[in-house]
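Data block below; observations after.
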Amino acid sequence: MKILKQFGVIFGVCWVSLVIEHYLPFSFPASVIGMILLLICLLTGFLKIEHVQEKADFLLGNMAFFFVPAGVSIINYFDILKSTVLQLLVICVVSTIVTFAVTAYVVTLTVKLMEKKKGGRKA
């Protein structure tokens, strides 16, 4: 019964995010709305981590399974992608490097801010 409740909570949040997306006057992904909604529920205490922990761990553990349809679609359109493979590789390499650089900068900034905050408490 606990498993059904956890799935119910997760699917309930997904459903509410779809409803919110439908009524928004601009385009915004329901999946992002759902993550924000779940975060708000967890931060406010409306939901406890125990309400979703087991099913969230299950979904994260099997995340690769959810990428199978995308992989099959790529294979279906391989003849179209073949003509632009060089551009796709350049985009992938550049975006990976930019992502690494931004992540490194954010981590460095976070560490500096944490050290500054720690130093302020000692004084």
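Output the residues belonging to region 48-103 that are outside the structural domain of GLN6 (by TED's automatic domain parsing), assigned to a loop (DSSP other than H, G, I, E, B) and open to solvent by 80 Å² or more (accessible area, probe 1.4 Å).
Hits for region 48-103 are TYR77, SER83.
Determine whether region 55-75 contains at least one residue that is more than 17 Å from the chain's Cα centre (by Cα) and acidic (Asp, Glu).
No, region 55-75 has no match at all.
The values are calculated or read from the model by the stated rules, or taken from the named source; none is laboratory data. As the structure is a computational prediction, the values presented were derived from the model and not from experiment. Areas reflect the complete protein model, heavy atoms only, side chains present, ligands, DNA and RNA absent. Shrake-Rupley method; radii C 1.70, N 1.55, O 1.52, S 1.80 Å.
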